[in-house]
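Q: Please read through the structure below; I'll follow up with questions.
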Amino acid sequence: MSTTVPAPPPYVSGLAPATPNIVNVIRSEWTKIWSVRSTMWTLLIGFLLTVGLSALICWGTEANYSQIRPEQRATLDPTSTSLAGLVFGQLALAVFGVLFISSEYSTGGIRTTLTAVPQRLRVLTAKAIVLAVVAVVVGMISSVVAFVVGQAFLSRVGIEAHLGDPGVLRAVVGGGLYLLASAMFGFALGALLRHSAAGISLAIALLLVVPPLTNLLPGDWGHWIEKYFTSNAGQQITSVVPSDDALGPWAGYAVFTLWWLVILVIAGALMARRDA
């Protein structure tokens, strides 16, 4: 006579599943960002663009300095000239910011990330912190090297600037902060659009293509848009000789920061609602 032994009831834990804290999520994102080969290449391109183009522009200024009219020499800003490569370095950092989040949506890896960490805003915050740390380090190194290399050319014609001069140290540090803001701007667009090509295209348009065109807008409202538009405002942080009717260095940087913060807040609100 056989007896059937009933199966034991499934074990149900009274403990809630562990939720990764923000430190663990940051560690995960830190590992993730350096596991992709494109990270080093994109950051290297950003550094080379910033330093290389700054050196090229300073070399051209030195070579043609004798042909510059006296009134133009009086308004020449040697610090801003040596940081001119930031205009193109910002694009590399913005692309880096876009890809840091949009590539996960393209590959579907974001589903795995959100399964491990269901708190979506915690994931977004951790990504933003990791990106900011990487971008500010690369930005500061790029800005300092570009300044030193640029001044080596400008010193040959006696128009070099020194870190001890009024406003120069702020401008050099501001160059690194500007690259940080460019990376965060791209990151915010990538989080909002969740598509690499769309995010990169919009970042390039808003940072490089559209800003010079805003001076064609008529009237006071056109002047207002020009003054407060993305990189037009943000790049004031790298100037020592102020432009007419432009925002102050820190005011301009605050406006640019507000641009990407607003976009990132909207992206975070949509991320909490939309499917991965």
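Every number here is computed from the coordinates shown, using simple stated rules; none is lab data. On a predicted model such as this, the values are computed, not experimentally measured, just so you know. Cβ coordinates were reconstructed from backbone atoms using ideal geometry, including for glycine residues, and neighbour counts include every protein chain displayed.
Q: What ranking, highest mean first, results for peptides 117-130, 26-39, 80-93 when packing means the other Cβ atoms within 10 Å averaged over each residue?
A: Ranking, from highest mean packing down: 80-93, 117-130, 26-39.
Q: From Cα coordinates alone, what are the radius of gyration and Dmax values for the range 170-276 in angstrom?
A: Using the Cα atoms of the range 170-276, the pair Rg, Dmax is 14.7, 49 Å.
Q: Taking a cut-off of 34 Å, what percent of all Cα-Cα pairs in the chain are separated by more than that?
A: So the pairs more than 34 Å apart make up 30 percent of the total in the chain.
Q: Measure off 7 Å from each Cα along the Cα-to-Cβ vector at residue 132 and residue 265, then give the distance between these two points in nanometres to one decimal.
A: 1.5
Q: Compute the distance in nm between two label points, each set 7 Å from the Cα along the Cα-to-Cβ direction, one at residue 224 and one at residue 144.
A: In this crude label model, residue 224 to residue 144 measures out at 4.2 nm.
Q: Let me ask you something else. Classify the range 69-114 as rounded, prolate or oblate from the Cα gyration tensor: take a ≥ b ≥ c as the square roots of its eigenvalues, call it rounded if a/c is under 1.5, otherwise prolate when a/b beats b/c and oblate if not.
A: prolate
Q: Turning to a different aspect of this structure: Which distance in nm do the two modelled labels at residue 112 and residue 41 give, with both placed 7 Å along the Cα-to-Cβ direction?
A: For residue 112 paired with residue 41, the spin-label model returns 2.1 nm.
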